[in-house]
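This report refers to the structure that appears directly beneath it.
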Amino acid sequence: MIDFHCHLDLYPEPAKVVAEVAKRGMYVLAVTTTPRAFEGNLRFVGSNRRIRVAVGLHPELVGERHAEVGLVCAALLRTRYVGEVGLDGSPQHWGTFATQRNVLRTIFKACCDQGGRVISLHSRMAVQAVLDEIEQAGPIGTPVMHWFGGTPDEMVRASGLGCWFSVGPAMLNSKKGRLLAAGMPRDRVLPETDGPFGQSRGKPLTPWDCELVIPILADLWDMPLSAVEALMSDNLRRLVI
Ligand code: MN
């Protein structure tokens, strides 16, 4: 089981979630919203090699925390994973959009300098702008569009730029999300939950709720469940060394 975008540290009792993840033998990309949280996550994840910690600076926090971008770049020496980073174009964050873009450019440049990273990207109401940045940045590594909410045309463009996609139960609850997932390049899709932000039926998703994604993809792609599971494992192996 794979959850490629989860905020392990934002559950009320992270240690319990980490223990359950270990018990189930799950693979998790633990994204973080600040570089300081990255340090804390490394500590509580410990030696579990199936949980990888990404260093992030969430676009919603860039207004108050843009000065921490240097810490993100420094942390790149210690992880192959970056996230959650990106741009948020929703009205309440429009005021910081120029700063968000500068921060993202700095992080992308550092990723290039380090030979590329796997980058979990937020793009709410800013898909075009995020794709523009990816296009202009050069060899940043592998961008993974998390909870992609663009148009089918933007999905095709992202695909052409080499993007992967992480899709979760909340995204696939909507008709639009299912339509997008149906057309995604299947060898570049991974499950996610975005828990505890991601919710289903009013409750925060747990990392193991990522299994909800499998039957939906099986249906959309007209594939047996076991084949979708095998494909997701294969995708993860190709992305994560
Ligand atoms: Mn998130």
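Every number in this text was worked out from the coordinates using simple rules, so none of it is lab data. All figures in this text were calculated on a predicted structure; none of them were measured in a lab. As a convention, Cβ positions derive from the backbone with ideal geometry for all residues, glycine included, and neighbour counts pool all protein chains shown.
Of the residues making up segment 28-52, just one is buried (at least 22 other Cβ atoms within 10 Å of the Cβ), out of contact with any helix residue (DSSP H, G or I) (no Cβ under 6 Å at 6 or more places or on another chain) and not in a loop (DSSP other than H, G, I, E, B), namely Leu29. Might you let me know whether segment 163-171 holds any residue that is in contact with a Cys (Cβ under 9 Å, 6 or more places away or on another chain) and within 14 Å of the ligand (Cβ to nearest atom)? Yes, because at least one residue in segment 163-171 is in contact with a Cys (Cβ under 9 Å, 6 or more places away or on another chain) and within 14 Å of the ligand (Cβ to nearest atom).
Going through (1) of a type in the set (A, V, I, L, M, F, W, C); (2) closer than 25 Å to Val189 by Cα; (3) touching a helix residue (DSSP H, G or I) at 6+ places or on another chain (Cβ under 8 Å) one by one, Met125 falls short only on (3).
Conditions tested, residue by residue: (1) touching a Phe, Trp or Tyr at 6+ places or on another chain (Cβ under 8 Å); (2) more than 16 Å from the ligand (Cβ to nearest atom); (3) among the hydrophobic types (A, V, I, L, M, F, W, C); (4) within 28 Å of Trp94 (Cα to Cα).
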residue: His7; (1), (2), (3), (4): yes, no, no, yes
residue: Glu13; (1), (2), (3), (4): no, yes, no, no
residue: Lys16; (1), (2), (3), (4): no, yes, no, no
residue: Gly25; (1), (2), (3), (4): no, yes, no, no
residue: Ser47; (1), (2), (3), (4): no, yes, no, no
residue: Arg52; (1), (2), (3), (4): yes, no, no, no
residue: Gly56; (1), (2), (3), (4): yes, no, no, yes
residue: Pro59; (1), (2), (3), (4): no, no, no, yes
residue: Glu68; (1), (2), (3), (4): no, yes, no, yes
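Screening Gly40 on (1) within 28 Å of Ala129 (Cα to Cα); (2) away from the ligand (no atom under 12 Å from the Cβ) shows it passes everything except condition (1). Exactly one residue out of Val18, Val62 is over 26 Å from Leu231 (Cα atoms) and crowded, with 16+ Cβ neighbours inside 10 Å: that is Val62. Could you list, in sequence order, the residues of segment 132-157 that are among the hydrophobic types (A, V, I, L, M, F, W, C) and either within 16 Å of the ligand (Cβ to nearest atom) or touching a Leu at 6+ places or on another chain (Cβ under 6 Å) (or both)? Selection gives Ile134, Val144, Met145, Trp147, Phe148, Met155. Only residues that are hydroxyl-bearing (Ser, Thr, Tyr) and either at positive phi or touching a Ser or Thr at 6+ places or on another chain (Cβ under 9 Å) (or both) were counted across segment 23-76, and they come to 1.
Restricting the first member to segment 1-21 and to residues that are more than 18 Å from Glu84 (Cα to Cα), and the second to residues that are away from the ligand (no atom under 16 Å from the Cβ) and among the aliphatic types (A, V, I, L, M), the beta-carbon pairs closer than 6 Å and six or more apart or on different chains are Met1/Met26.
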